[in-house]
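K.L.:
Please read through the structure below; I'll follow up with questions.
The values are calculated or read from the model by the stated rules, or taken from the named source; none is laboratory data. On a predicted model such as this, the values are computed, not experimentally measured, just so you know. No Cβ is skipped: glycine too gets one built from the backbone with ideal geometry, and neighbour counts run over all protein chains shown. Protein only, heavy atoms only, side chains kept; ligands, DNA and RNA dropped before computing areas. Shrake-Rupley method; radii C 1.70, N 1.55, O 1.52, S 1.80 Å.
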Amino acid sequence: MELRRVRTLESFRQRLQTALPDTRVVGPPGVPRGFCITKGDELYQIYVSTQARGSGAAAALMADAEARLAKSGVETAWLACAIGNHRAARFYEKCGWCRVGVVTYQAETATGYFPLRVWHYEKRVTS
């Protein structure tokens, strides 16, 4: 079974509702162009629409997420990147994140957790 089959729009709405206090959005009101969610010491999700690519939105979201993680006391943050998502991997590496291995990530779904092999990235966010 693929993760996208169990991560429906409704399950995204549920995860987003829970994560609202830790979510930042870019774009005009009512027309979001991207968002970023932090969760504990994890950069949980970052997404920028096709229309916003190249606009600096992703870099702004990343900088904000790193600052929020550092402010909350996190020394080394981490994120999971889908294996094969080279575009995202290049962006993370450009932002100073280091790929440290491959792990099995427990992705949240409406029915529990879905084990997913991912590239594990880390970055020291406090000096």
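K.L.:
Pairs of alpha-carbon atoms within less than 8 angstrom and 6+ residues apart define the contacts here; what relative contact order does the chain have, in percent?
P.N.:
Details: 186 pairs, mean separation 27.9, N = 127.
After rounding, I find 22 percent.
K.L.:
In addition: Taking R0 as 35 Å, what's the FRET efficiency between F12 and S127 from their Cβ-Cβ distance, rounded to 0.05? Walk me through the intermediate numbers first.
P.N.:
Details: r = 35 Å, r/R0 = 0.99.
With R0 = 35 Å, the Cβ-Cβ based efficiency is 0.50.
K.L.:
Mind running the shape call on the chain? Use the C-alpha gyration tensor, a ≥ b ≥ c as the square roots of the eigenvalues: rounded below 1.5 for a/c, prolate if a/b tops b/c, oblate otherwise. Mind dumping the intermediate values first?
P.N.:
Working: a/c = 1.34, a/b = 1.07, b/c = 1.25.
In terms of gyration-tensor shape, rounded.
K.L.:
Next question. Test of understanding: what is the full-extension gain from Y113 to R53, defined as 0.36 nm times their sequence separation minus their Cα-Cα distance? Provide the component values of the computation, followed by the final result.
P.N.:
Details: separation 60, 0.36 × 60 = 21.60 nm, distance 3.03 nm.
Here the segment from Y113 to R53 would lengthen by 18.6 nm.
K.L.:
Another question about this same structure. Can you give the charge dipole size of the chain about its Cα centre, rounded to the nearest 20 debye, using +1 on the beta carbon of Lys and Arg and -1 on the beta carbon of Asp and Glu?
P.N.:
On the way: 18 positive and 11 negative charges, 74 e Å.
It works out to roughly 360 debye.
K.L.:
For the full complex of protein chains and a 1.4 angstrom probe, list R24, R87 by accessible area with the highest value first.
P.N.:
On the way: R24 90, R87 135 Å².
My answer, sorted largest first, is R87, R24.
K.L.:
Among K39, K123, what's the order by accessible area (1.4 angstrom probe), most exposed first? Could the numbers behind the result be given before it?
P.N.:
Numbers: K39 90, K123 40 Å².
Sorted descending by solvent-accessible area, the residues read K39, K123.
K.L.:
Relative to the present Cα-Cα distance, how much length would full extension add between A67 and C98 at 0.36 nm per residue of separation?
P.N.:
On the way: separation 31, 0.36 × 31 = 11.16 nm, distance 1.74 nm.
Length difference between fully extended and current span is 9.4 nm.
K.L.:
Using just the helices of the chain, give the 222 nm mean residue ellipticity in deg cm²/dmol: DSSP H runs with n ≥ 4 each add -39,500 (n - 2.57), and the total is spread over all residues, rounded to 500. Don't skip to the answer; put the middle values down first.
P.N.:
Working: 4 runs with 39 residues, N = 127.
Roughly -9000 deg cm²/dmol at 222 nm, from the helical runs in the chain.
K.L.:
Does the range 9-49 come out rounded, prolate or oblate, given a ≥ b ≥ c as the square roots of the eigenvalues of its C-alpha gyration tensor, rounded meaning a/c under 1.5 and, failing that, prolate meaning a/b above b/c? Intermediate values should be presented prior to the final figure.
P.N.:
Details: a/c = 1.85, a/b = 1.29, b/c = 1.44.
Taking the square roots of the gyration eigenvalues as a ≥ b ≥ c, the range 9-49 is oblate.
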